[in-house]
Amino acid sequence: MGLYDRYLAVRIRRHESDPPSHVALVLTERDLLERGAYDRLEAALDWAFAFDAERVTVYVSVLDPAAAPTLVGELEGIEAPERVAVRGPEDTETADAPIQISIGLGGKREFARAVRALAGEVEAGERSPEEIDAEEIEAQLVFPDEPDLVVKTGAERLSDFMIWQSVYAELYFTDVNWRDFRKRDYLRAVLDYKNRQRRFGR
């Protein structure tokens, strides 16, 4: 660890605010084509858990759906500090693991699928419309947990990422591309989070 990295780490450790319990990293399919991309992801997961994250969600936007199965296979094989659950664009099973990875499952698509499932239950007489609330919708999502901190590299847009879950998340954008993302960049994001006053929509 370099001197500046150690400096940031000390500031984070001494800061009185709580660290983000759930961190989300937003990547693109192109990011994973860069040399060393998977090594960098493995390192980023290590950094997150070393600085007290309890859950990490990785969202990978995919332009070519045909690439999704290959990406799923590659990401299922990464060396990670905690158990990993990978879900592709057609998966409906809830991801329940300390590390959750979404491949090409856009937020709009996930939300629409949840609404269709609930509408089907209403049509079948299994529930009334009045019973449907936020908790019922969240129970239908593949990635139901809300991130505290969302980190996006390379651009200030979220690529249709977890539109329901991230509504109260703190967003951190860096112009550093994923191929150049270093530990100090992650630590800057965590320190920035700790310096904010979260309002949760208030």
Output wanted: per-residue J couplings in Hz (rounded whole) for the stretch 97-103, from phi through Karplus 6.51 cos²θ - 1.76 cosθ + 1.60, θ = phi - 60°, x for Gly and Pro.
7, x, 10, 10, 10, 10, 10
Leaving out ligands and nucleic acids, and using a 1.4 Å probe, what accessible area per residue does the stretch 2-160 come to in Å²?
52
Within-14-Å neighbourhood charge of Leu187 [Cβ basis; K, R +1; D, E -1]:
+4
Around Gln140: net Lys/Arg minus Asp/Glu count, Cβ-Cβ under 11 Å
-3
To the nearest 20 debye, what charge dipole does the stretch 80-182 have about its Cα centre, counting +1 at the Cβ of each Lys and Arg and -1 at the Cβ of each Asp and Glu?
680
In whole Hz, what ³J(HN,Hα) sequence does the stretch 8-15 give by Karplus (6.51, -1.76, 1.60; θ = phi - 60°), x for Gly and Pro?
5, 4, 5, 4, 5, 5, 8, 5
At q = 0.20, 0.23 Å⁻¹, what is the base-10 log of I(q)/I(0) for the stretch 73-200 according to the Debye formula with one equal point scatterer per Cα and no solvent? Please give it to two decimals.
-1.30, -1.46
Treating the beta-carbon of each Lys and Arg as +1 and of each Asp and Glu as -1, no other charges, what is the dipole magnitude of the chain about its Cα centre, to the nearest 20 debye?
1220
Counting only DSSP beta bridges with both residues in the chain, tell me the antiparallel percent, nearest 5.
0
Farthest towards the positive end of the dipole of the stretch 1-66, among Val23, Leu63, Tyr7 and with Cβ unit charges of +1 on Lys and Arg and -1 on Asp and Glu, lies the Cα of Tyr7
Looking only at lysines whose Cα falls under 21 Å of Lys194's and that sit 8 or more positions away or on another chain, we get Lys152, Lys183
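The values are calculated or read from the model by the stated rules, or taken from the named source; none is laboratory data. Here the structure is a predicted model, which means the values were calculated and not measured. Neighbour counts run over all protein chains shown; Cβ positions are idealised from the backbone, glycine included. For the accessible areas, the whole protein counts, side chains as well, though only heavy atoms, and no ligand, DNA or RNA atoms are used. Shrake-Rupley method; radii C 1.70, N 1.55, O 1.52, S 1.80 Å.
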